[in-house]
Amino acid sequence: MFRPGDVLSYPAICAKEGTALQRGMNFRLRSGRSVILMSLRRGARYADRVEDDGRILIYEGHDVPRLRNGPHPKSIDQPRAYPSGRLTQNGMFHEVAQRFKAGLGPAERVIVYEKIRAGIWVYNGVFELLDSWQERNGRRQVFKFACN
């Protein structure tokens, strides 16, 4: 059992979660748990942040995959769904957050790990996903998720 503040390796996290975590947003893994991997490091690919003295985490959604000869993922709005209509991780987290916000379901419990250095992570604990929205970051629309 991890406690908030525990320093972990990536293999330890994967062993605990029962899967190789290949993306930052993981909605209801086989274990039923939702997991977010965040980073507040300088130069991080996503604009995650902490507010209210660490009680609120704001996590930025994920970009489209990089495709050979395709546009740069940071130049395209973050997707809610694939062309097939199936929800992306952004869409699944957004949908459950909006259901909670509308009083139609419970808050999703999300396990949060924070990358502090290459290969070194900290267990931040279990948070509740309370809200989600889209905002313009200057060039495109991105998803934001608020956990408390």
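The values are calculated or read from the model by the stated rules, or taken from the named source; none is laboratory data. Note that the structure is predicted; figures quoted are calculated from it, not measured. Note that we place each Cβ from the backbone using ideal geometry, even for glycine, and neighbour counts take in every protein chain shown. Keep in mind that these areas ignore ligands, DNA and RNA; they rest on the heavy atoms of the full protein, side chains included. Shrake-Rupley method; radii C 1.70, N 1.55, O 1.52, S 1.80 Å.
Data table
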| quantity | calculated |
| --- | --- |
| Per-region count, segment 92-145, residues in contact with a helix residue (DSSP H, G or I) (Cβ under 8 Å, 6 or more places away or on another chain), farther than 17 Å from R23 by Cα and open to solvent by less than 60 Å² (accessible area, probe 1.4 Å) | 8 |
| Answer residue from segment 48-61, given it is assigned to a loop (DSSP other than H, G, I, E, B) and modelled with pLDDT of 95 or more and is most open to solvent (accessible area, probe 1.4 Å) among those | D48 |
| Within segment 29-66, tally of residues that are without any contact (Cβ under 8 Å) to a residue 40 or more places away in the chain, hydrophobic (A, V, I, L, M, F, W, C) and closer than 12 Å to Q89 by Cβ | 2 |
| Count of segment 7-43 residues which are closer than 20 Å to A118 by Cα, open to solvent by 40 Å² or more (accessible area, probe 1.4 Å) and not β-branched (V, I, T) | 12 |
| Residue list for segment 105-148, restricted to those being of a type in the set (G, A, S) and assigned to a strand (DSSP E or B) | G125, S132, A146 |
